[in-house]
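These notes concern the structure reproduced below.
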C-alpha cells in the first residue's frame, strides 16, 4: 500500500470510521479512471478513432478510455483527457450561450474547454490563472480547443475584481487545495501534505472566494470546487461564504449513486443545507477526489456580514468604490463604443488603409472572407485579433488572449496564428489534407513535405480532415511547416 502520513490516516479514520477509511486508503493503490470528452465546437467531431461505446454517465460528450497525445484528435483539439469527477463540476455550472462566465483558477484548461463547449461561441468566458507558467498551458488548450470567445488572463483575483465588479453571471472557483483527491493519480502529491498545509490552503481559499463574490452579479451563481477531501477546505469554506454573505444560499446538486452528498457534521455549524453539496471519493471509482458546491446570489443586494477580518476596506466603503468603478467602466465603454460608431471604412479597428488591404488579401487567399468580419478586427502592436471583450475595458490587465488571434502583420502580408487554424475547423476550403500517417508524423515533428497540390500560399493543414496547423505551399510544391515549435512532437 502507498505510504500515507500518520496524521492523514488518523484524521480520516476518525472522520469516516475504520471500514470506509480503509476503503479510501486502499483506493490510492488502484489505477486512476481514464476518460475523455469530445469537442462539439469542431465540425466533424464524431469521426474519431477512439471507441465511444463506454459513455460516462451524467456528462455530455464524455467517454471512458485513454487517448494519446500524439494522435491528430489531440493535436487538432477534438478530444480532451479529463477525470470524470472533474468533468462533473463543469456540468454543475450549466453555463448557457450568451452568459458572462469566469473560470477563476482555470489551468490547465479542462473545465474552461468544457464550459466553452456549452457556450457555443456566444457570450464571454474569462479564464484566469495566477501562475504564469500554468497560464501558458491554459492558453495552449484554449487555442487547441478552438475557442473564440475567451479572454485568458494571468492575474491575481484581487486585481480582477477591480475590473469586473458584479460582472459575471457565473463564476467557477476550482480552488488551489491540498490535493488529497489526487493521491491515487499522483503519489508525489502525498509528500506535500500536512495538517498545516490544509489550513494554509483554507486561508488562501477564503481570500479567493472573497474576491470572486465581488465579481458575481445579483442573481448569479458561484460554483466552488476542490480536488481534496478536507472538510476545512470543503464544507467549511461553503459555511464561510454563507456567513460572510447573507445573500448567498446553497443550490441543490443532484447526487447520483456514483458520489455522496456533503457532510453537515464536518462543518463548524452542522448546517443541514450542506447535504446539497457533493463529494467524490476515489473509493467510489467514478473518478478522482472532488468536492463541489453551487451557491446562488440573491437578485438584489442585501447588507453583508463582516465576520471575516481582513485588510480589505469596509463593506460600505467597498460598495461605494465598486459603484464608482462601475460608473468609470461605463464611461470608458461608452467612449469606446462612440469611437466605433464614429469610425468609417478607412479607419476602423486600428487598421490604416494599407493594413486593411493586406488583411483583405489574406482573408481572400485563405477563403475566410465570409468567416472573419473585417470590421471586428483589432490591431495591437501589429497583432490582429477579434476581441471577445472591448480591449479598452481590460486595459491594465495581463492579457494572454482576448478572443480569436488571427495573425501578425508583416511587411505587406499577414503571418497567420495557430489559434486561427484550430478555430476554423473546416470553415475554409483552402485545406491540404495529409494523405498518410507517415506524413502526419513528419509534419507534426516540424518537417517540410513535398506535395502534389494546386494550392498555393498559406493553407490549413489537416490529417483525416482534422485541421491542426498552418502550412505554406510554393511553386516548388514544398509544404513549409508552420506548426509551432513548442507544440511539435519529439
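The values are calculated or read from the model by the stated rules, or taken from the named source; none is laboratory data. Remember, it's a predicted structure, so these values are computed and weren't measured experimentally. Here Cβ is always computed from backbone atoms with ideal geometry, including for glycine, and neighbour counts include all displayed protein chains.
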**OP:** Within region 446-463, count every residue that is under 34 Å from the mean Cα position of the chain (by Cα) and more than 21 Å from residue 141 (Cβ to Cβ).
**Re:** 5
**OP:** Being part of a loop (DSSP other than H, G, I, E, B) and touching a helix residue (DSSP H, G or I) at 6+ places or on another chain (Cβ under 9 Å) is the filter; apply it to region 412-426 and report the residue that is modelled with the lowest pLDDT.
**Re:** 412
**OP:** State whether one or more residues within region 97-108 are under 12 Å from the mean Cα position of the chain (by Cα) and free of Cβ contacts under 8 Å to residues at least 60 places away in the same chain.
**Re:** yes
Subject >> Among (1) at pLDDT 95 or above; (2) surrounded by 17 or more Cβ atoms within 10 Å (Cβ to Cβ); (3) in a helix (DSSP H, G or I), the one test that residue 200 misses >> reply: (2)
**OP:** Look through region 362-387, keep the residues that are part of a helix (DSSP H, G or I) and surrounded by 14 or more Cβ atoms within 10 Å (Cβ to Cβ), and return whichever of them is modelled with the lowest pLDDT.
**Re:** 374
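Conditions (1) out of contact with any helix residue (DSSP H, G or I) (no Cβ under 9 Å at 6 or more places or on another chain); (2) buried (at least 21 other Cβ atoms within 10 Å of the Cβ), marked per residue:
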residue: 53; (1), (2): yes, no
residue: 57; (1), (2): no, no
residue: 77; (1), (2): no, yes
residue: 103; (1), (2): no, yes
residue: 108; (1), (2): no, no
residue: 113; (1), (2): no, yes
**OP:** Kindly indicate whether any position in region 430-440 is touching a residue at least 60 places away in the same chain (Cβ under 8 Å) and either touching a helix residue (DSSP H, G or I) at 6+ places or on another chain (Cβ under 7 Å) or assigned to a loop (DSSP other than H, G, I, E, B) (or both).
**Re:** yes
Original post:
How many of the residues in region 105-147 are assigned to a loop (DSSP other than H, G, I, E, B) and closer than 16 Å to residue 419 by Cα?
Top reply: 4
Original post:
Restricting attention to region 102-109, does a residue exist that is under 25 Å from residue 250 (Cα atoms) and modelled with pLDDT under 95?
Top reply: no
**OP:** Count, please, the residues in region 347-396 that happen to be on the phi > 0 side of the Ramachandran plot and in contact (Cβ under 8 Å) with a residue 40 or more places away in the chain.
**Re:** 2
**OP:** Kindly indicate whether any position in region 247-255 is buried (at least 18 other Cβ atoms within 10 Å of the Cβ), in contact with a strand residue (DSSP E or B) (Cβ under 6 Å, 6 or more places away or on another chain) and in contact (Cβ under 8 Å) with a residue 60 or more places away in the chain.
**Re:** yes
Original post:
Within the bounds of region 238-246, is there any residue that is surrounded by 19 or more Cβ atoms within 10 Å (Cβ to Cβ) and either under 23 Å from the mean Cα position of the chain (by Cα) or over 25 Å from residue 169 (Cβ atoms) (or both)?
Top reply: yes
**OP:** Considering every residue within region 27-42, establish whether at least one is in a helix (DSSP H, G or I) and out of contact with any strand residue (DSSP E or B) (no Cβ under 9 Å at 6 or more places or on another chain).
**Re:** yes
